[in-house]
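See structure below.
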C-alpha cells in the first residue's frame, strides 16, 4: 500500500512539474486595410484574404498585390519563387498566411512575407472581363455589376459618395436635425410638371382593378410634400 501511494505522489509531481508543449500562435485574420495601418509590424503571423490585382515573378522572389475591398490600396505579398505562379493569376481569390514585416520600399510601410498561399478561387485571365493595367470605360464596367467595384474607378466613386453622405448626415445631426425617411413609392406629384414613372404589377392580372395599390402609384420625384407635413418636428431633413 505504501508503495502505491508513493508511486502516485511521484507521478503527480512529474505531471505538475512538466511544462506543456508550446503551441504555435494562430495567425490573426486581418483585412488589407488593417494590415496597411499596422504600426507594430514585428513579424506577427497574420492571415489575409482577397483577390490578386497584380503578379510579378522574378528569379527568386514572387510579388503579389492583394486587395479585399476594405482599402483602395493593395497589400504587397512577397513569396518565394517555389510557389506555382501559374495558379496565382490576376483576379484569383487567395488566402495568404505569413508574417507582417516592415517594407524596405518607400511607397509602403508594411508587406506580407508569405509562408503559405491557398488559391480559394481560380480565375482564367482569358475569360475574366477586366485585364491587368487596362482602364475600360464606365459603359463597359456597367455590364459587370458584381465585378466593377473591384476597379479603382468605381471603388473611388463609391468611397467619395460614402464620405460625402456621412459628412452631410453628420452635419445635420450635430445641428439638431432629425433624418426623415420619405417613401420611395407615392401617389403624389409634388412638382406638378415632372414626368412620373408609374408603378405597375409585373404580371398582368385580369381583374377590374388596374392599380396594385388601388390608386395610381409612382416613383417619388421629391420628398418635399412628405417633409412639409412633419410639422411636429421643427428641424428635419
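No other residue among 126, 106, 113 is more than 22 Å from the chain's Cα centre (by Cα) and at pLDDT 90 or above apart from 113. Within the range 159-172, track down each residue that is surrounded by 12 or more Cβ atoms within 10 Å (Cβ to Cβ) and closer than 18 Å to residue 135 by Cβ. Matches in the range 159-172: 159 only. For the range 106-121, a tally of residues being touching a residue at least 12 places away in the same chain (Cβ under 8 Å) and not in a strand (DSSP E or B) returns 2.
The set of residues from the range 68-99 being touching a helix residue (DSSP H, G or I) at 6+ places or on another chain (Cβ under 6 Å) and either assigned to a strand (DSSP E or B) or at pLDDT below 90 (or both) comprises just one member, 75.
For residue 161, are the conditions met, namely being within 26 Å of residue 50 (Cβ to Cβ), in contact with a helix residue (DSSP H, G or I) (Cβ under 9 Å, 6 or more places away or on another chain) and at pLDDT 85 or above? Spell out how you get there, then give the answer.
Numbers: within 26 Å of residue 50 (Cβ to Cβ): yes; in contact with a helix residue (DSSP H, G or I) (Cβ under 9 Å, 6 or more places away or on another chain): no; at pLDDT 85 or above: yes.
No; evaluated as a whole, the condition is false for this residue.
Any residue that is part of a helix (DSSP H, G or I), in contact with a strand residue (DSSP E or B) (Cβ under 9 Å, 6 or more places away or on another chain), within 25 Å of residue 102 (Cβ to Cβ) and at pLDDT 90 or above - is there at least one of those in the range 50-67? Explain how you work it out, then say what you get.
First pass over the range 50-67, keeping only residues part of a helix (DSSP H, G or I): none.
No - not one qualifying residue is present in the range 50-67.
Within the range 136-156, the set of residues being farther than 18 Å from residue 51 by Cα and loosely packed, with under 14 Cβ neighbours inside 10 Å comprises 137, 138, 139, 140, 142, 143.
The values are calculated or read from the model by the stated rules, or taken from the named source; none is laboratory data. As the structure is a prediction and not an experimental result, all values here were calculated from the model. Cβ coordinates were reconstructed from backbone atoms using ideal geometry, including for glycine residues, and neighbour counts include every protein chain displayed.
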